Amino acid sequence: MAFILKENDRLYVLPELTNSQHAKIRKTQRGISHKQMVLAYQYGRVIHSRRAVYHVIGNKEIEKFGSIEPELKNMNGIQLVMSANGTVLTAFRNKDLRKVRPFKHNHKHLH
């Protein structure tokens, strides 16, 4: 399901994101609007890490899509953490993308 947002005489068709209770609380505490969450979902870099899917807005995404969506220029560092079924678990700002990388696992073999 999607909904339509009208802003500055432009219409946007936005997908509906299902937020967990934790994500609803955190996005209001951190000043992240629903539109910013949708833009991070649409334009963000997708990283699969730690059994979750991260949608991250960094400098590369701002350079690539900033002319299409000017609001991205104010969103550097916004990250969405989503479960495999598409529910937003949390949202936060952090410009250090090194924390998102998957861990290098030392596999323990049972012999």
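Coordinate-derived values only; no laboratory data. Note that the coordinates shown come from a computational prediction; the quantities given were computed from them, not determined experimentally. Note that we place each Cβ from the backbone using ideal geometry, even for glycine, and neighbour counts take in every protein chain shown.
Here are some notes:
- Proportion of all alpha-carbon pairs of the range 18-100 beyond 19 Å (%): 30 percent
- Additional length obtainable on full extension of the chain from residue 74 to residue 45, 0.36 nm per residue less Cα span: 8.8 nm
- What the phi angles of the range 73-85 give under the Karplus curve with 6.51, -1.76 and 1.60, with θ = phi - 60°, is a coupling list of 5, 9, 10, 4, x, 6, 10, 10, 10, 10, 7, 5, 8 Hz, glycine and proline written as x.
- Computed from the C-beta positions of residue 67 and residue 92, the FRET efficiency with R₀ = 25 Å rounds to 0.45.
- Prolate/oblate/rounded label for the range 43-85 (Cα gyration tensor, a/c 1.5): prolate
- Each Lys or Arg adds one and each Asp or Glu subtracts one; over the other residues with Cβ under 14 Å from the Cβ of residue 41, this totals -1.
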